[in-house]
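Take a look at the structure below.
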Amino acid sequence: MSDTSKSPRKIAPKVLPGTPAQHGFTFPPEWAPHSATWFSWPRPEGISFPGRYHTVPKAMAAIIAAIAPREHVHVNVPNENYERIVREQLAQHGVAKPLLSRRITFHHIMTNESWCRDHGPAFVVKGKKFAIVDWGFNAWGGKYPPYDSDDNVPTRIAEEFAASKVPGFAGVFYPRTKAGEPVIMEGGAVEFSGDGVVMTSEACLLNKNRNPKLSKKQIEGFLKDYYGQRHVLWLGDGIVGDDTDGHIDDLARFIGPRTIVTTVEEDPKDENYKILRDNLRRLELAKHPDGGHYEIVTIPMPGVVEIEGQRVPATYANFYFVNGTLLVPIYKHKANDKRCLRTLAEALDACGHKREVVGIDCSDLIWGLGAIHCLSQQQPRI
């Protein structure tokens with residue numbers, strides 16, 4: 001796709017029959033090479049950052065400035081006027097002009113909120129081809145209507161790919177139940193090992209506010225068929241303050257096919273202590289489908305983070321892999337921030353894919369109840 005800011009005309013993408021697994025497509029691990037990262041720019045009239053939107057552009061600019069030298073950045077904005085404003089905000093907060101002109105592409109795609117991990121396209125790959133899985137999206141169980149624009153984002157991106165004749169783009173898969181209903185799924189609810197395992201949580205995907213007519217077995221079937229996986233690893237509850245009902249990207253993450261980083265709370269009096277101990281126990285007992293236990297790396301929680309008297313779901317697990325780097329949210333907890341960054345760097349070295357580990361202050365962004373991973377969605381390199 002070109003680096004211009006003009007969105008091409010709409011052309012309906014090819015609707016692919018069957019499932020990605022049937023066609024040999026799979027969802028790659030996040031540390032695999034990216035061609036780009038996608039964002040949906042937060043709007044001041046949105047509901048995610050009440051009373052504090054003024055802090056958001058600087059925080060977003062810090063993330064984009066860290067990514068753009070390493071891979072292309074795509075940003076969804078409602079229209080040309082928003083694009084102009086966002087360009088000015090990025091420049092004001094330190095994103096260099098060469099990056100703005102050559103490494104950042106704007107798309108006039110309307111969104112309701114900014115959480116591209118959840119409403120953005122799920123990219124699956126097969127050799128030199130890639131496709132989009134367009135799940136249904138209902139704003140985390142219908143909590144925050146309207147969400148129609150967010151739900152439409154993958155289709156809009158697929159239309160642009162089709163119109164631009166992006167090399168390797170094969171089309172779109174639409175997960176549907178036998179009754180024709182869209183299957184609800186969010187990108188923050190799933191985590192991938194790179195060798196056929198998808199990790200998720202019962203609190204989220206078994207919640208009846210997502211897919212009330214589907215059994216656990218049926219949900220596992222959709223995870224395997226539409227992400228091209230062969231095994232599902234289940235954790236339990238999510239952390240306190242998480243309005244997504246327990247997204248996995250706040251709890252535990254793969255950093256290698258057999259290595260999982262998980263959060264632990266060390267204060268027995270903290271509300272998260274038992275929740276995270278239970279998830280740790282599940283991981284310690286879990287076995288890889290090919291045999292053997294996982295290597296479990298524990299990282300601390302950043303302590304209680306409150307904004308305006310509300311506990312927010314601050315966690316270091318909401319990190320994001322980009323080419324050559326791991327971006328980690330930090331929260332002004334000097335000791336635990338430093339400890340977490342060091343632990344992750346050592347764990348990556350042990351996995352054999354050493355990369356720079358960079359902390360980014362998310363003390364303001366977490367008011368929206370999400371951080372770096374929640375805001376981003378990777379597009380794999382083919």
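General observations
- Listed by position, the strands (runs of 3 or more DSSP E) contained in the range 83-169 that have at least 1 residues being modelled with pLDDT of 95 or more and basic (Lys, Arg) are 122-126, 129-133.
- Every test in (1) out of contact with any Leu (no Cβ under 7 Å at 6 or more places or on another chain); (2) closer than 29 Å to ASP349 by Cβ; (3) charged (D, E, K, R) is passed by ARG282 save one, and that test is (1).
- Any pair with Cβ under 6 angstrom, 6 or more apart, that starts in the range 298-325 at a residue that is within 17 Å of ALA345 (Cβ to Cβ) and ends at one that is modelled with pLDDT under 95 and surrounded by fewer than 16 Cβ atoms within 10 Å (Cβ to Cβ): none
- Whenever a residue of the range 83-99 is more than 18 Å from PRO69 (Cβ to Cβ), its partners that are of a type in the set (Ser, Thr, Tyr), lying with C-beta atoms within less than 9 angstrom and at least six residues away or across chains, give the pairs GLU83/SER5.
- The conditions of being surrounded by fewer than 17 Cβ atoms within 10 Å (Cβ to Cβ), outside any helix (DSSP H, G or I), more than 19 Å from the chain's Cα centre (by Cα) and modelled with pLDDT under 95 are not met by ASP267.
- Residues of the range 23-62 that are of a type in the set (Val, Ile, Thr), farther than 30 Å from GLN229 by Cβ and buried (at least 17 other Cβ atoms within 10 Å of the Cβ): VAL56 alone.
- Some residue of the range 240-253 being within 18 Å of the chain's Cα centre (by Cα), modelled with pLDDT of 95 or more and basic (Lys, Arg): yes
- Pair list, Cβ < 6 Å and 6+ apart or interchain, from the range 329-351 residues that are among the aliphatic types (A, V, I, L, M) to residues that are assigned to a helix (DSSP H, G or I): ILE330/ASP337
- Residues in the range 114-129 that are surrounded by fewer than 22 Cβ atoms within 10 Å (Cβ to Cβ) and acidic (Asp, Glu): there are none.
The values are calculated or read from the model by the stated rules, or taken from the named source; none is laboratory data. Just so it is clear, the structure is predicted and the values come from calculations on it, not from any experiment. As a convention, Cβ positions derive from the backbone with ideal geometry for all residues, glycine included, and neighbour counts pool all protein chains shown.
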